[in-house]
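The values are calculated or read from the model by the stated rules, or taken from the named source; none is laboratory data. Predicted model only: the values in this text are computed from it and were never measured. Counting neighbours? That spans all protein chains shown, and the Cβs are built from the backbone with ideal geometry, glycine included. We work out accessible area using only protein heavy atoms, side chains counted, and drop any ligands, DNA or RNA first. Shrake-Rupley method; radii C 1.70, N 1.55, O 1.52, S 1.80 Å.
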Amino acid sequence: MSTHADISANIAAIQARIAAACQLYQRQSPPILMAVTKTRTATEISAAIQAGITDIGENYLQEALNKQAELANQALCWHFIGPIQTNKTRAIAHHFDWVHSVDRAKVITRLNDQRPTELAPLNICLQVNINDETSKAGVAAEEVAELAALVMSQPQLRLRGLMAIPANTDDSQQQRKNFAALRSIFTELQQNFPNAALDTLSMGMSADMESAIAEGASIVRIGSDIFGPRPTLKP
Ligand SMILES: *Cc1c(COP(=O)(O)O)cnc(C)c1O
């Protein structure tokens, strides 16, 4: 487990990497730095909060709810970024501000119907399977427009943009190609739906953050470079 000092030093280093990438790629406004906190304790998350993090990404519902209870006195923006089982949509609609991993119609209508009306609309990103990997979640590029229209028709949802987890590669040219593909689907969506508040490209993790910033990421999702390598991954 990383210490408080490790976590604040890591966050300062990532902020410096973000600033350098924004300068290199002439980005006017930096992306939001989301801390991805699967497998991390509330104590580790508190250290990240003290270092300035306000956006938290979680993959597993029950784990997230436990940590939300421990961190209830903090003003945080909670993002759900993991696979969504339909029997979990109610709790997700009640306890999160954003969902980045939306990829089918049934999940869209359930999240809308289950979002409490006293809360602000739930912010939605459609997850795109940018490399057409059979093993991976996400909608095919050709299906994005149809699902986007469905999200926009739901009063308790607000479509913000697109998210992707491209195929793993160390080749920064290939990384950029994947992110550019997502950006081009996003641009097309903005043209087709000029009245929608489409402002979000959720892309870039520890190993490919700079490539994502080069291609226009507005939220980067960083886990291991903040908290250290993940010792165990849940199935
Ligand atoms: C785990 C995870 C991340 C963070 O990955 P790191 O490589 O640890 O930075 C980002 N996005 C999603 C969807 C994840 O599951």
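Numbers at a glance
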read-out	value
Accessible surface, 1.4 Å probe, highest first, among residues Thr39, Thr3	Thr3, Thr39
Accessible area (Å², 1.4 Å probe, nearest 10) - Phe186	20 Å²
Span-like helix ranges in the chain, DSSP H, alpha carbon extent 27 angstrom or more, Kyte mean at least 0.0	4-24
Net charge of neighbours whose Cβ lies under 10 Å from the Cβ of Ile226, counting Lys and Arg as +1 and Asp and Glu as -1	-2
Rounded to whole Å, sorted largest first: equivalent-ellipsoid semi-axes of the range 4-227, Cα gyration tensor	25, 23, 15
Loop-located GluC sites (Glu not before Pro) in the range 86-163 whose Cβ has at most 16 other Cβ within 10 Å (DSSP)	Glu118, Glu133
For Ser211, solvent-accessible area (1.4 Å; no DNA, RNA or ligand), Å²	10 Å²
Computed accessible area, Asp113, all protein chains, 1.4 angstrom probe, square angstrom	120 Å²
